[in-house]
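Everything on this sheet refers to the single structure shown next.
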């Protein structure tokens, strides 16, 4: 009988739900006009930020795992931010600029709080406070 560890299950589920939600929010700009989405954008992004905070607090990343999470989180944040700015101008001709920009913005709203919280936990762990 295989035993599964449940110590990271909340963080893993929050991470999975957050990434799926971020992509769905980004793809929803295809169907729903941006003017309608801007009405609810603060609530939508609040949900993503809260999920990011849940991910950051519940992921039990220590040592090499926290280093890996921080590096990949920082890469995702940087690529999303630069991608948001550059993709709009390059894909605007085919109508995919708003969709790609919305996906990147949603990923930023999810990963920034998670990365900051894990970074703070790592720093406090190193300082042994």
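Throughout, read-outs are computed from the coordinates displayed, never taken from laboratory work. A quick note: this is a predicted structure, and the numbers were derived from the prediction, not measured. For neighbour counting, all protein chains shown are included, and Cβ atoms are generated from backbone atoms with ideal geometry for every residue, glycine included.
Odds and ends about this structure:
- The calculated FRET efficiency for the pair residue 42 and residue 70, based on their C-beta separation and a Förster distance of 25 Å, comes to about 0.35.
- The listed peptides 14-25, 70-81, ordered by packing as a protection proxy, come out as 14-25, 70-81 (highest mean of other Cβ atoms within 10 Å first).
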